1. Can you tell me which of L66, L88, L104, L138 is more than 24 Å from A18 (Cβ to Cβ) and either touching an Asp or Glu at 6+ places or on another chain (Cβ under 6 Å) or not charged (D, E, K, R) (or both)?
2. So, in the stretch 84-143, how many residues would count as being buried (at least 17 other Cβ atoms within 10 Å of the Cβ) and on the phi > 0 side of the Ramachandran plot?
3. Identify all residues within the stretch 10-39 that are assigned to a loop (DSSP other than H, G, I, E, B) and over 20 Å from D81 (Cα atoms); write none if there are none.
4. Within the stretch 40-90, track down each residue that is aliphatic (A, V, I, L, M) and assigned to a loop (DSSP other than H, G, I, E, B).
5. If you go through the stretch 92-113, how many residues are touching a Lys or Arg at 6+ places or on another chain (Cβ under 9 Å) and in a helix (DSSP H, G or I)?
6. Given the structure, is E94 among the charged types (D, E, K, R) and in contact with a strand residue (DSSP E or B) (Cβ under 9 Å, 6 or more places away or on another chain)?
Amino acid sequence: MTESPDSLLDGSPLISAAQLGKLRLVRLLVEGGAQVNERNQRGETPLLAACRALRGDQSGSSMLRLIQYLLRNQADPNIQDKTGRTALMYACMERAGPDVALALTAAGADPSTEDYTGGSALVYAINAHDQDTLTVLLDACKAQGRDIIIIATDLSCGLRLD
């Protein structure tokens, strides 16, 4: 992963370390008292930054461990950035896969939360054509007692919603 110039101007070593996938540094900072739900000027927390930095096949076990570490240390999975997006939405957008989605939903991430354009993690998973992640999200909604109706106008994506 390459650092963007503005990631270093955020003034938050923890957010930068999370975005870069540096688990050891994240641990040191959290153990040293860094606030796990601190925000930068874009409204991102370390968890949001980590999920936003995921890139499908690069999400690997090291980023999953970093996300799980943040969640174990009280990172709030439902915090929204200035666009209204959550960590789960970014994970779906970046095709991080079902393991990341499962970790986030198990920690209380709400798949039906909407961003400021009306999109939810469910919509992002559908748009990413990620059936496995969508299944995790639908299961999380069912576990919360919610029935989800998805109306698709593009049937070419090949997703089955049984």
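The values are calculated or read from the model by the stated rules, or taken from the named source; none is laboratory data. The shown structure was predicted, so the numbers you read here are calculated from the model rather than taken from an experiment. Neighbour counts run over all protein chains shown; Cβ positions are idealised from the backbone, glycine included.
1. That would be L138, the only listed residue that is more than 24 Å from A18 (Cβ to Cβ) and either touching an Asp or Glu at 6+ places or on another chain (Cβ under 6 Å) or not charged (D, E, K, R) (or both).
2. Count: 2.
3. Scanning the stretch 10-39 gives K22, G32, G33.
4. Matches in the stretch 40-90: A53, L54, A75, I79.
5. Going through the stretch 92-113 one residue at a time, the tally reaches 1.
6. So E94 does not fit the description; no.
To keep it simple, each residue is scored yes or no on (1) modelled with pLDDT under 90; (2) over 25 Å from T83 (Cα atoms); (3) in contact with a helix residue (DSSP H, G or I) (Cβ under 8 Å, 6 or more places away or on another chain).
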| position | (1), (2), (3) |
| --- | --- |
| G118 | no, no, no |
| A128 | no, no, yes |
| L138 | no, no, yes |
| K142 | yes, yes, no |
| D154 | yes, yes, no |
| R160 | yes, yes, yes |
